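Read the structure below first, then the notes.
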């Protein structure tokens, strides 16, 4: 039996690859060599999940990896028609980022409600100015995205006393955890009552640009919007206009249409907008957790056992059962 070849794409390979030494030949790849090496690989680890190189280099026919694992929750930068239509199995990093992102969103909600930015600015000015802030308990959050990340966000916000309405691709009236999950068609009716609108949806053709001028116009003038999903879910110019005209009360973006933001982007200076560099899920030790997850799945793959976190390539995410 010939030795399997594991192709690892990324300039900074994961730790502890020696755990699979002797069971696979490990080949490292960068963007320049990827297209040439893909047909020689049995499995592909996409360690650099910020690149579009795999989608661009995926073979249209002939030999290709039987399994692709990406060290990210989203697979939108990976999938292409040739990969979707192939028999290659795709798995993702579900289970690593959910709670860190939920904690990050909760931190943003608390910071906005309690005006931490204003407190810091007044401290910088050495001004003693008493204010009243917002009470979180009893406010309403609409969380868009009913996958593991959206559910972790909903669960964490509920722990703060926030009422949560969860929106997914399709409606469910018998959800074991939340009871009811609204379908995407119900979003417009939920927005006028929301104090917080959190986007944690996967990026698909159906969700691209779903938050646009008409969406923001339906929100309360005091509502805050947070995006920790994917940048292209939001029409950024429409969000900027909504903030400049005070159509909504504030926003926080951790993901953007184009990353990284250039130094001259107007996004940096928009009043009421908090910018963070795609870091909501990245906590201390996250690379070790991603590597360990891949190693466990590799053990399954090498043993011919069912893989964890198998993506429905037509849907673009791991279905919630």
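Restricted to strands (runs of 3 or more DSSP E) entirely inside region 84-174, no element has at least 2 residues that are outside the structural domain of residue 271 (by TED's automatic domain parsing) and surrounded by fewer than 19 Cβ atoms within 10 Å (Cβ to Cβ). Restricting the first member to region 259-273 and to residues that are at pLDDT below 95, and the second to residues that are part of a helix (DSSP H, G or I), no beta-carbon pair is closer than 6 Å while six or more apart or on different chains.
Residue-wise test of (1) outside the structural domain of residue 298 (by TED's automatic domain parsing); (2) surrounded by 15 or more Cβ atoms within 10 Å (Cβ to Cβ); (3) assigned to a strand (DSSP E or B).
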residue: 18; (1), (2), (3): no, no, no
residue: 28; (1), (2), (3): no, yes, yes
residue: 49; (1), (2), (3): no, yes, no
residue: 54; (1), (2), (3): no, yes, no
residue: 69; (1), (2), (3): no, yes, yes
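The values are calculated or read from the model by the stated rules, or taken from the named source; none is laboratory data. For clarity, every value in this text was computed on a predicted model and none was experimentally measured. Reconstructed Cβ throughout: ideal geometry from the backbone, glycine too, with neighbour counts over all protein chains shown.
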